[in-house]
Amino acid sequence: MNPQDALIVANRPEVSHPLEGILARYPLKVRIVHSAEQALATMSDCQPDLLFVDLALPGTMDGWELLYTLQKARWLNDRLVIALTAHEVDGIQEAALAEGFAAFFPMPIDESRFVPVFEQIVRFS
């Protein structure tokens, strides 16, 4: 996969800004939205290759529901959705991966853990 566009879906700047800073070193156009509803609206105008989704989004749709909506719409072909969460719950990483997230990262993002995993699943040419 050689992505060009990324969308961060996180309602808190302390989540989106550090991740945006890490992603700045890659050849990506990064957009940030603050809810699943905003993500779906943004995705009607652009087609991001990568989505970083906070599982605990506010509003009527959380990160899990956003993933399910994208799966039902068959939007995920050749695209990756990566889960983010600040909630340490036993089994959450395994559940996220089993449901279809490509990767899982606890927040705050630990750059030393994030970069190797990210570069393993995403190849830039």
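The values are calculated or read from the model by the stated rules, or taken from the named source; none is laboratory data. This is a predicted model, so every value here is computed, not measured. Positions of Cβ are backbone-derived with ideal geometry, glycine not excepted, and every protein chain shown enters the neighbour counts.
Here are a few things to note about the model shown:
- Segment 1-39 - residue that is in a loop (DSSP other than H, G, I, E, B) and without any contact (Cβ under 8 Å) to a residue 24 or more places away in the chain and, of those, nearest to the chain's Cα centre (by Cα): 24
- Total residues in segment 7-28, condition buried (at least 18 other Cβ atoms within 10 Å of the Cβ), touching an Asp or Glu at 6+ places or on another chain (Cβ under 8 Å) and within 20 Å of residue 62 (Cβ to Cβ): 4
- Screening the candidates 86, 6 for the property of being within 20 Å of residue 119 (Cα to Cα), small (Gly, Ala, Ser) and either in contact with a Lys or Arg (Cβ under 9 Å, 6 or more places away or on another chain) or modelled with pLDDT under 90 (or both) yields one hit, 6.
- Within segment 66-125, the set of residues being of a type in the set (Ser, Thr, Tyr) and either part of a loop (DSSP other than H, G, I, E, B) or touching a strand residue (DSSP E or B) at 6+ places or on another chain (Cβ under 7 Å) (or both) comprises 85, 125.
- Matching option when the condition is modelled with pLDDT under 95, farther than 16 Å from residue 87 by Cβ, buried (at least 20 other Cβ atoms within 10 Å of the Cβ) and among the aliphatic types (A, V, I, L, M), among 57, 51, 70: 70
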